[in-house]
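The values are calculated or read from the model by the stated rules, or taken from the named source; none is laboratory data. Nothing here was measured: the structure is a model prediction, and the numbers come from that model. No Cβ is skipped: glycine too gets one built from the backbone with ideal geometry, and neighbour counts run over all protein chains shown.
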Amino acid sequence: MEQLEPSAPAGYDGDTMIQARSANEWVVRLQDGDDVVAAIRGLDVASALLLMGIGMVRDAEIGYWDGSRYLTHVLEAPLELLSLQGNLATNPAGDRIVHAHVSLGRPDGSVLGGHLVRATANNTVELAIQPLLQVHLRRKQEENGLVGLYPELS
(Lines give C-alpha, C1' and ligand atoms only; values in the text may rest on other atoms or scores of the structure.)
Protein backbone atom coordinates (compact mmCIF):
# COMPACT_ATOMS: atom_id res chain seq x y z
CA MET A 1 0.00 0.00 0.00
CA GLU A 2 1.33 3.39 -0.96
CA GLN A 3 1.42 5.89 1.92
CA LEU A 4 1.24 9.56 1.07
CA GLU A 5 1.10 12.24 3.73
CA PRO A 6 0.43 15.05 3.26
CA SER A 7 0.03 15.63 -0.46
CA ALA A 8 -2.10 17.54 -2.89
CA PRO A 9 -3.45 15.81 -6.02
CA ALA A 10 -3.37 17.52 -9.39
CA GLY A 11 -6.15 20.08 -9.73
CA TYR A 12 -6.68 20.39 -5.97
CA ASP A 13 -6.32 23.94 -4.66
CA GLY A 14 -6.67 23.20 -0.94
CA ASP A 15 -3.89 23.03 1.58
CA THR A 16 -3.09 19.36 2.12
CA MET A 17 -4.71 16.01 2.60
CA ILE A 18 -3.51 12.85 4.24
CA GLN A 19 -4.09 9.69 2.25
CA ALA A 20 -3.22 6.03 1.91
CA ARG A 21 -4.13 4.00 -1.14
CA SER A 22 -3.86 0.67 -2.84
CA ALA A 23 -5.30 -0.36 -6.20
CA ASN A 24 -8.74 -1.03 -4.68
CA GLU A 25 -8.81 1.10 -1.53
CA TRP A 26 -8.27 4.75 -0.82
CA VAL A 27 -8.64 6.47 2.53
CA VAL A 28 -8.38 10.25 2.62
CA ARG A 29 -8.42 12.73 5.47
CA LEU A 30 -9.20 16.34 4.62
CA GLN A 31 -8.09 19.00 7.03
CA ASP A 32 -9.71 22.16 8.34
CA GLY A 33 -10.51 24.59 5.53
CA ASP A 34 -10.24 22.08 2.68
CA ASP A 35 -12.95 22.26 0.00
CA VAL A 36 -14.62 18.83 0.13
CA VAL A 37 -15.95 18.73 -3.44
CA ALA A 38 -12.76 20.15 -4.97
CA ALA A 39 -10.68 17.59 -3.06
CA ILE A 40 -12.78 14.70 -4.36
CA ARG A 41 -12.75 16.11 -7.89
CA GLY A 42 -8.97 16.50 -7.69
CA LEU A 43 -8.28 12.86 -6.84
CA ASP A 44 -6.09 11.05 -9.36
CA VAL A 45 -8.82 8.68 -10.59
CA ALA A 46 -11.39 9.05 -13.37
CA SER A 47 -14.17 6.91 -11.83
CA ALA A 48 -14.74 5.96 -8.21
CA LEU A 49 -17.34 5.09 -5.62
CA LEU A 50 -17.51 7.37 -2.60
CA LEU A 51 -18.22 4.69 -0.01
CA MET A 52 -18.41 6.83 3.11
CA GLY A 53 -17.56 10.16 4.61
CA ILE A 54 -17.69 11.36 8.22
CA GLY A 55 -16.37 14.33 10.15
CA MET A 56 -17.53 17.92 10.33
CA VAL A 57 -18.24 20.60 7.70
CA ARG A 58 -19.15 24.28 7.56
CA ASP A 59 -20.36 26.58 4.78
CA ALA A 60 -22.25 23.64 3.31
CA GLU A 61 -24.72 23.93 0.47
CA ILE A 62 -27.11 21.05 -0.05
CA GLY A 63 -29.75 20.60 -2.72
CA TYR A 64 -33.06 18.89 -3.31
CA TRP A 65 -34.10 17.99 -6.89
CA ASP A 66 -37.72 19.06 -7.37
CA GLY A 67 -38.07 17.42 -10.78
CA SER A 68 -36.79 20.34 -12.79
CA ARG A 69 -34.04 22.01 -10.73
CA TYR A 70 -32.12 21.87 -7.47
CA LEU A 71 -33.51 23.85 -4.56
CA THR A 72 -30.49 24.68 -2.42
CA HIS A 73 -29.89 25.66 1.18
CA VAL A 74 -26.69 27.19 2.57
CA LEU A 75 -25.73 26.09 6.07
CA GLU A 76 -22.89 28.22 7.42
CA ALA A 77 -22.56 26.89 10.98
CA PRO A 78 -20.45 23.78 11.62
CA LEU A 79 -22.41 20.53 11.26
CA GLU A 80 -21.50 16.91 11.87
CA LEU A 81 -20.97 15.03 8.61
CA LEU A 82 -22.93 11.91 9.53
CA SER A 83 -22.67 10.29 6.11
CA LEU A 84 -21.50 10.95 2.58
CA GLN A 85 -21.97 8.55 -0.33
CA GLY A 86 -21.80 8.95 -4.07
CA ASN A 87 -19.53 8.63 -7.06
CA LEU A 88 -16.96 10.38 -9.19
CA ALA A 89 -17.54 10.32 -12.95
CA THR A 90 -16.54 12.27 -16.06
CA ASN A 91 -18.65 14.24 -18.52
CA PRO A 92 -18.14 14.21 -22.32
CA ALA A 93 -15.58 17.06 -22.01
CA GLY A 94 -13.53 14.96 -19.57
CA ASP A 95 -14.38 17.07 -16.52
CA ARG A 96 -14.74 15.19 -13.23
CA ILE A 97 -18.26 15.26 -11.80
CA VAL A 98 -18.86 14.60 -8.10
CA HIS A 99 -22.33 13.26 -7.31
CA ALA A 100 -22.66 12.89 -3.56
CA HIS A 101 -25.43 12.94 -0.99
CA VAL A 102 -24.90 13.87 2.64
CA SER A 103 -26.59 13.68 6.01
CA LEU A 104 -25.63 16.57 8.29
CA GLY A 105 -26.31 16.69 12.03
CA ARG A 106 -27.16 19.83 14.00
CA PRO A 107 -26.22 20.35 17.67
CA ASP A 108 -29.83 19.61 18.73
CA GLY A 109 -29.68 16.17 17.07
CA SER A 110 -31.81 17.05 14.06
CA VAL A 111 -30.55 15.92 10.67
CA LEU A 112 -30.57 17.60 7.27
CA GLY A 113 -29.72 15.86 4.04
CA GLY A 114 -29.50 16.22 0.31
CA HIS A 115 -27.26 16.55 -2.70
CA LEU A 116 -23.84 17.96 -1.77
CA VAL A 117 -23.22 21.15 -3.75
CA ARG A 118 -20.28 22.40 -1.66
CA ALA A 119 -18.81 22.20 1.84
CA THR A 120 -15.66 23.14 3.72
CA ALA A 121 -14.00 20.70 6.10
CA ASN A 122 -14.35 21.89 9.69
CA ASN A 123 -11.57 20.24 11.71
CA THR A 124 -11.58 17.01 9.66
CA VAL A 125 -13.40 14.97 7.01
CA GLU A 126 -12.57 11.30 6.54
CA LEU A 127 -13.41 9.56 3.25
CA ALA A 128 -13.26 5.97 2.00
CA ILE A 129 -13.09 5.70 -1.78
CA GLN A 130 -13.07 2.75 -4.14
CA PRO A 131 -11.44 3.50 -7.49
CA LEU A 132 -13.13 1.71 -10.38
CA LEU A 133 -10.53 -0.02 -12.50
CA GLN A 134 -12.73 -1.88 -15.01
CA VAL A 135 -15.86 0.27 -15.02
CA HIS A 136 -15.92 3.85 -16.25
CA LEU A 137 -18.63 6.19 -14.95
CA ARG A 138 -19.76 8.78 -17.48
CA ARG A 139 -22.24 11.62 -17.00
CA LYS A 140 -24.43 12.96 -19.82
CA GLN A 141 -26.94 15.79 -19.86
CA GLU A 142 -30.53 14.56 -20.09
CA GLU A 143 -33.68 16.32 -21.28
CA ASN A 144 -35.10 16.50 -17.74
CA GLY A 145 -32.13 18.65 -16.64
CA LEU A 146 -30.27 15.96 -14.74
CA VAL A 147 -26.81 14.81 -15.67
CA GLY A 148 -27.44 11.04 -15.83
CA LEU A 149 -25.02 8.25 -14.99
CA TYR A 150 -23.93 5.93 -17.82
CA PRO A 151 -21.59 3.20 -16.52
CA GLU A 152 -19.60 1.21 -19.07
CA LEU A 153 -16.84 -1.38 -19.05
CA SER A 154 -13.40 0.11 -19.61
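Looking at the stretch 35-43, can you tell me whether even one residue there is closer than 20 Å to Leu116 by Cα, modelled with pLDDT of 50 or more and charged (D, E, K, R)?
Yes.
Considering Val117, Val74, Val125, Val111, which residue is aliphatic (A, V, I, L, M), within 19 Å of Gln31 (Cβ to Cβ) and modelled with pLDDT of 95 or more?
Answer to the selection: Val125.
Restricting to the stretch 55-102, what's the tally of residues that are farther than 24 Å from Ala128 by Cβ and β-branched (Val, Ile, Thr)?
Qualifying residue count for the region: 2.
If we keep just the residues of the stretch 104-125 that are among the polar types (S, T, N, Q) and surrounded by fewer than 17 Cβ atoms within 10 Å (Cβ to Cβ), which is nearest to Leu146 (Cα to Cα)?
It comes out as Ser110.
How many of the residues making up the stretch 68-99 are surrounded by 13 or more Cβ atoms within 10 Å (Cβ to Cβ), under 13 Å from Arg139 (Cβ atoms) and not β-branched (Val, Ile, Thr)?
Residues in the stretch 68-99 being surrounded by 13 or more Cβ atoms within 10 Å (Cβ to Cβ), under 13 Å from Arg139 (Cβ atoms) and not β-branched (Val, Ile, Thr): 7 in total.
For Gly148, are the conditions met, namely being of a type outside the set (A, V, I, L, M), in a strand (DSSP E or B) and free of Cβ contacts under 8 Å to residues at least 12 places away in the same chain?
yes
With the requirement that a residue be surrounded by fewer than 16 Cβ atoms within 10 Å (Cβ to Cβ) and under 13 Å from Asp44 (Cα atoms), what does the stretch 14-23 give you?
Ala20, Ser22, Ala23
If we keep just the residues of the stretch 126-154 that are charged (D, E, K, R) and surrounded by fewer than 12 Cβ atoms within 10 Å (Cβ to Cβ), which is farthest from Thr90 (Cα to Cα)?
Among them, the one singled out is Glu143.
Name the residue, out of His136, His115, that is within 24 Å of Arg69 (Cβ to Cβ) and either of a type in the set (A, V, I, L, M, F, W, C) or not in a loop (DSSP other than H, G, I, E, B) (or both).
Criteria check complete, one pass: His115.
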